[in-house]
Amino acid sequence: MVESLDQIFVSLKHALLGFVPGNWQALASAILSLLPIFVIFPTLFAITTLLERKGLGRIQNRYGPNRVGPFGLLQPAADGLKALTKEDVVPHAADKIVHFLAPVVLVIPVFLSFAVLPVGRNLVAVDMDAGLLFFFAVGAATELSVFMAGWSSRNKYALLGAMRAIAQMVSYEIPLILSSVGVVMIVGTLSPVKIVEAQGTYHGLLPDWFVFTPWGLAGFIIFMIAAAAESNRSPFDLPEGESEIIAGYFIEYSGFKFALFFLAEYLGMFAISGLGITLFLGGWHAPLQSLEVIPSWFWFFAKLVAIILVFIWIRGTVPRLRMDQLMNLAWKFMIPMVLINVVGAAVWHFMQPGLARWLVSIALVVGPYLWLGKSLFQSKHLAKRTYRFAE
Amino acid sequence: MLGEGIIKGMAETARNFLGSYVSDERLTTVQYPEERIPQIENARQFPFLVFDGDDWHAGMRCVACQICEKECPPKCIYIEKSKDKKPDYVGKPQIYPAKFDIDLSVCMSCQICVEVCPFEAIKMDTEYELSTTDRFGGLMVDKQQLAKSNDYYRKIHPTEAAEVDARLAAEKAKAEAKAKVDAEAKAKAAAAPKPVPPAPAVVAA
């Protein structure tokens, strides 16, 4: 019974495939695997926009939207209708083809990246051996679209926003990928399905997820910070800077294209959070052995919603980082931390289980953190300003 | 230490979030059309004319002296005097305004008309939900719309109304006392024997 609830979607798919004639089976199988992605994640996007607005409202001592529907629950529908019925303004001097293609080029790779995430037991759309590599490759394709949007708008502010966005995204790719290298080293494979399986055992009170090890915790935090930067999420939302350069690289977009950008940004956040869950938080495993009766896909989405809530929490708390602060953080803090983290993962793997292993690992995380943190706080040495020609 | 400020900030934010469900201090929004913030006593919006008693026309205190019309900075008051007279609160016949229009779209709520009125006839109302869709005459209010009773005045500005009522009652008492003294003097004068004119002196012939 428990088993069947867990595998209900797999059974449903097999039952539906029974109705399809032989030579259409492959196509039908592909469509049936992918259709849930196109249904569930945009629905989750709608729920997230509502959660975000109401959550941010409560953090800021006010109600969120509460006029449309009871407690504002129909607000996403109103937003969707608004986005669809707004006039689609294309600037006269804009490069029309590129301007049209930019949102499309953004949305398609994001949907592609959902295909390799194991959402539950046996519930992965495409079981690739190099799934992690595929995910990062496709995620990097989104940066092209940001530049296309900024360039084609023929607007200097859009271009400036796009340049900054690309600089940010490229800088934070390195901590993102290197923090997953530790996990790949330990498990020995790039396949997300096998990485989740490797975290399936339970020892004592805590499960064997990588986040409960010192290097795993550090790696997870670095991964999440880099994930926030990759999806242009506060406090790294300078390219989209709502109150500064208005909308940055998508300033010239309105109506449906704007909705597509918005959708793609949030879906990117879900995808990268999903990957973080797969790598560090044990994927679809339950936190306690006794809770395994609850289906695996429920745990995956519960963890995803928890991470989304933490992102919303951080957005409501931390002020936006300036461009140079952002770049300093990436290159001077995160990259050294993540390189030492890889060493820490290896140390953990090769030492014998016991107190010594814990102490060395914790020292390898805390030491560099304090030292690098101190270097970030150093004030610039200010000298009296001399003018070359004005004397 | 790096990150300390962020952790403290997140604790404060969490406190705000959770507190907004339990305490009013953490969620100060007043949902406007359904709830309203009660106004303080000294709030003022636009003027109204005070009347005593039940009949708005007979009890109106305004005697059309036109001081408020002359003192109004944007000249939003328009008064026409009446031809007949009606008794005021001490009983003395006074003229009254046949027309008393205020253009609320011009009025700037400076309260000068209230300050200069010698008869406590015009006071500031606190009603602010006056918007209308008629952009030409919709905000021109006439005498009947402006007339509100003294009980209403007591309700919206209790301290001021109490002071005004006390003063008017004192003046009324003084006027009545004076009238009584006058009446007594007149009665005494009427009752006293008339002075007999001295008999003409008989001239000896």
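Descriptive notes on the structure:
- Of the residues A:V318, A:V342, A:V366, the single one that is of a type outside the set (K, R), under 28 Å from A:T213 (Cβ atoms) and more than 14 Å from every other protein chain (Cβ to nearest Cβ) is A:V342.
- Within region A:195-241, the residues that satisfy the criterion of being among the charged types (D, E, K, R) and surrounded by fewer than 20 Cβ atoms within 10 Å (Cβ to Cβ) are A:E197, A:D208.
Matching residues to (1) without any contact (Cβ under 8 Å) to a residue 40 or more places away in the chain; (2) part of a helix (DSSP H, G or I); (3) aliphatic (A, V, I, L, M); (4) surrounded by fewer than 17 Cβ atoms within 10 Å (Cβ to Cβ):
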site: A:H92; (1), (2), (3), (4): yes, no, no, yes
site: A:L101; (1), (2), (3), (4): no, yes, yes, yes
site: A:V104; (1), (2), (3), (4): no, yes, yes, yes
site: A:V107; (1), (2), (3), (4): no, yes, yes, no
site: A:F111; (1), (2), (3), (4): no, yes, no, no
site: A:A115; (1), (2), (3), (4): no, yes, yes, no
site: A:P118; (1), (2), (3), (4): no, no, no, no
site: A:R121; (1), (2), (3), (4): no, no, no, no
site: A:V124; (1), (2), (3), (4): no, no, yes, no
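- Of the residues A:I340, A:I362, the single one that is closer than 30 Å to A:I166 by Cβ and hydrophobic (A, V, I, L, M, F, W, C) is A:I340.
- Test set (1) under 30 Å from A:K96 (Cα atoms); (2) assigned to a helix (DSSP H, G or I); (3) of a type outside the set (V, I, T) - A:E240 fails condition number: (2)
- Residue in region B:69-84 that is at pLDDT below 90, part of a loop (DSSP other than H, G, I, E, B) and of a type outside the set (V, I, T) present: no
- Within region A:346-383, the set of residues being at pLDDT 80 or above and exposed (fewer than 10 other Cβ atoms within 10 Å of the Cβ) comprises A:F350, A:Q352, A:P353, A:G354, A:L355.
- Among the conditions (1) without any contact (Cβ under 8 Å) to a residue 40 or more places away in the chain; (2) closer than 25 Å to A:S231 by Cβ, the only one that A:F71 does not satisfy is (2).
- For region B:36-51, taking the residues that are surrounded by fewer than 17 Cβ atoms within 10 Å (Cβ to Cβ) and β-branched (V, I, T), the one that is farthest from the other protein chains (Cβ to nearest Cβ) is identified as B:I40.
- Of the helices (runs of 4 or more DSSP H) entirely within region B:85-200, those holding at least 2 residues that are more than 21 Å from the chain's Cα centre (by Cα) occupy B:158-191.
- Of all residues in region A:323-338 being under 21 Å from the mean Cα position of the chain (by Cα) and away from chain B (no Cβ under 14 Å), the one that is farthest from A:P368 (Cα to Cα): A:M323
- Breaking point among (1) out of contact with any strand residue (DSSP E or B) (no Cβ under 7 Å at 6 or more places or on another chain); (2) modelled with pLDDT under 90, for B:K143: (1)
- Residue count, region A:42-62 (criterion: free of Cβ contacts under 8 Å to residues at least 40 places away in the same chain, within 12 Å of chain B (Cβ to nearest Cβ) and buried (at least 16 other Cβ atoms within 10 Å of the Cβ)): 3
- Qualifying residue in region B:124-131 (condition: among the hydrophobic types (A, V, I, L, M, F, W, C) and in contact (Cβ under 8 Å) with a residue 40 or more places away in the chain): yes
- Leading residue by the ranking (nearest to A:I314 (Cα to Cα)) among those in region B:4-35 that are within 7 Å of chain A (Cβ to nearest Cβ) and not in a helix (DSSP H, G or I): B:L27
- Subset tally (residues that are among the polar types (S, T, N, Q) and in contact (Cβ under 8 Å) with a residue 24 or more places away in the chain) for region B:55-111: 4
- With respect to the stated conditions, A:I314 fails to be part of a helix (DSSP H, G or I) and modelled with pLDDT of 95 or more.
- Residues satisfying the stated conditions in region A:71-109, i.e. within 14 Å of chain B (Cβ to nearest Cβ) and over 17 Å from A:F45 (Cα atoms): A:F71
The values are calculated or read from the model by the stated rules, or taken from the named source; none is laboratory data. Predicted model only: the values in this text are computed from it and were never measured. Neighbour counts run over all protein chains shown; Cβ positions are idealised from the backbone, glycine included.
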